[in-house]
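Accompanying notes for the structure given below.
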Amino acid sequence: MLPDAKIPLLIACQIPALKHGMPETGAVNSTIGAFSAHTRQLIRLGNLQEVKKCFAMAGVLYKNGSNVLQCAIESVFIFAVSPFLDTQQIKELLPVSLRRIRNRHLQTIS
């Protein structure tokens, strides 16, 4: 399991553009919020290669993270990127595990 305190450093190492935008310490939700904002910006810019990298990173964090991190991915990351998943091309970049979570969320609100 990934330690929550190391999540900002791990994300910043994997996504160099976030080195300066990632809080060094703080709540997991703040870290995932910054990560989500970066991912949304990449989607807006059409940088699908980097979007794919962010989505893969979110999938790894979800799979290997604590319950707190998993909840942050579900409630912050998935919620933040969902409005941008309207095209099949972008939706297919999301790992299957995170697509399932998104589909569950969509079912609960419909």
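The values are calculated or read from the model by the stated rules, or taken from the named source; none is laboratory data. In this text, all values refer to a predicted model and were calculated from it rather than measured experimentally. With ideal geometry, Cβ positions are generated from the backbone for all residues, glycine too; neighbour counts draw on all protein chains shown. The protein model used for the area step is the full one, side chains on, heavy atoms only, and it has no ligands, DNA or RNA in it. Shrake-Rupley method; radii C 1.70, N 1.55, O 1.52, S 1.80 Å.
Results, tabulated for the structure shown:
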{"read-out": "Computed label-point distance, nm, for sites residue 13 and residue 109 using a 7 Å Cα→Cβ extension", "value": "3.4"}
{"read-out": "Neighbour net charge for residue 84 - beta-carbon separation under 15 angstrom, K R +1, D E -1", "value": "+3"}
{"read-out": "Accessible area expressed per residue, the chain, with surrounding protein chains retained (probe 1.4 Å, Å²)", "value": "57"}
{"read-out": "Nearest-20 debye value, the stretch 1-99 charge dipole, Cβ charges on Lys, Arg, Asp, Glu", "value": "160"}
{"read-out": "Base-10 log of normalised Debye intensity for the stretch 3-45 (one unit scatterer per alpha-carbon) at q = 0.14, 0.19, 0.25 Å⁻¹", "value": "-0.27, -0.49, -0.81"}
{"read-out": "Fraction of accessible area attributable to carbon and sulfur, the stretch 1-69 (%, probe 1.4 Å)", "value": "56"}
{"read-out": "Net lengthening on full extension, residue 97/residue 84 (0.36 nm per residue, minus Cα-Cα)", "value": "2.9 nm"}
{"read-out": "Solvent-accessible ranking of 100, 40, largest area first, probe 1.4 Å", "value": "100, 40"}
{"read-out": "Residue-level accessible surface for residue 92, protein heavy atoms, 1.4 Å, Å²", "value": "110"}
